[in-house]
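**Student:** Attaching a single structure in structure tokens format; questions to follow.
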Amino acid sequence: MSDEDYVKKIIEQVLSSYDSIYATRNSPGDLSLIKKELLKINGFFSVLSKKFTTSNFQSQNLLDLKPKIKNYLQEYYFVQEIDTMMPLYSEDPARIKNMKLKILEAFQDKKLIDKLRDVYQEL
């Protein structure tokens with residue numbers, strides 16, 4: 001498997017997790033699902049970040065994606081906040097919705113989700 005194929009597979013999994021978060025209905029139990037998907041995304045982003053430093057990619061889109069992923073990993077970590085919220089507000093649709101919106105906004109920061117989709121299409 002080439003480096004580009006490997007990266008494409010990882011991005012596909014990130015997009016799938018993002019879509020799972022997006023599709024939640026702010027129902028009881030959704031915070032657990034959101035946390036699980038965020039942990040996956042954080043892991044995939046860590047793998048991508050390491051892959052970008054060890055491989056020589058030619059694609060400008062891939063090179064543009066690297067700082068966006070690093071920014072996300074440095075600036076956004078919602079798992080601890082979800083852990084704090086779950087015992088108190090796991091049944092509150094408004095709180096779940098607010099957390100979900102904050103997470104989705106983080107993916108809009110620096111157009112990360114758009115860049116992920118562009119790179120996936122390119123590969």
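Coordinate-derived values only; no laboratory data. As the structure is a computational prediction, the values presented were derived from the model and not from experiment. Because the Cβ atoms are built from the backbone with ideal geometry, glycine has one as well, and the counts that use them run over all protein chains shown.
**Student:** Have a look at 94, 38, 73 and report the one farthest towards the positive end of the charge dipole of the chain, computed about the Cα centre with Cβ charges (Lys/Arg +1, Asp/Glu -1).
**Tutor:** 73
**Student:** Then there is this: What number, in percent, do you get for the relative contact order of the range 3-122 if the mean sequence gap of Cα pairs under 8 Å and at least 6 apart is divided by its residue count? Present the calculation step by step, with values, prior to reporting the outcome.
**Tutor:** Numbers: 91 pairs, mean separation 44.8, N = 120.
Reported as a whole number, the value is 37 percent.
**Student:** List the trypsin sites (Lys or Arg not before Pro) within the range 1-69 that DSSP assigns to loop and that have no more than 15 neighbouring Cβ atoms inside 10 Å.
**Tutor:** Counting only loop positions with at most 15 other Cβ atoms within 10 Å, the trypsin sites (Lys or Arg not before Pro) in the range 1-69 are 25.
**Student:** Calculate the spin-label point distance for residue 3 paired with residue 114, positioning each point 7 Å from the Cα along the beta-carbon direction, and give it in nanometres.
**Tutor:** The two pseudo-label positions are separated by 2.7 nm.
**Student:** Can you list which of the GluC sites (Glu not before Pro) found in the range 19-123 are DSSP loop residues with at most 13 other C-beta atoms within 10 Å?
**Tutor:** Working: sites: 37, 75, 81, 91, 105, 122; in loops: 91.
The qualifying sites are 91.
**Student:** Please tell me which of these pairs span more than 20 angstrom C-alpha to C-alpha: 35/110; 36/97; 40/68; 8/40?
**Tutor:** Working: 35/110 22 Å; 36/97 16 Å; 40/68 17 Å; 8/40 16 Å.
Exceeds cut-off: 35/110.
**Student:** For residue 64 and residue 84, calculate 0.36 nm times their separation in residues minus their Cα-Cα distance, and state this gained length in nm to one decimal. Don't jump to the answer; show the numbers that get you there.
**Tutor:** Details: separation 20, 0.36 × 20 = 7.20 nm, distance 3.39 nm.
Using 0.36 nm per residue and subtracting the Cα-Cα distance, I get 3.8 nm.
**Student:** Going through the range 30-117, which chymotrypsin sites (Phe, Trp or Tyr not before Pro) have at most 13 other Cβ atoms within 10 Å and a DSSP loop state?
**Tutor:** Numbers: sites: 44, 45, 52, 57, 72, 76, 77, 78, 89, 107; in loops: 57, 76, 77, 78.
In loop regions of the range 30-117 (DSSP not H, G, I, E or B), the sparsely surrounded chymotrypsin sites (Phe, Trp or Tyr not before Pro) are 77.
**Student:** How much of the pair distance distribution for the range 40-123 lies past 16 Å, counting alpha-carbon pairs only, in percent?
**Tutor:** Values: 2006 of 3486 pairs.
Across the range 40-123, Cα pairs with separations above 16 Å total 58 percent.
**Student:** Give the residues of the range 66-93 whose amide nitrogen is closer than 13 Å to a point set 7 Å from the Cα of residue 32 in the direction of its Cβ.
**Tutor:** Counting backbone N atoms under 13 Å from the label point, the list is 86-87, 90-91.
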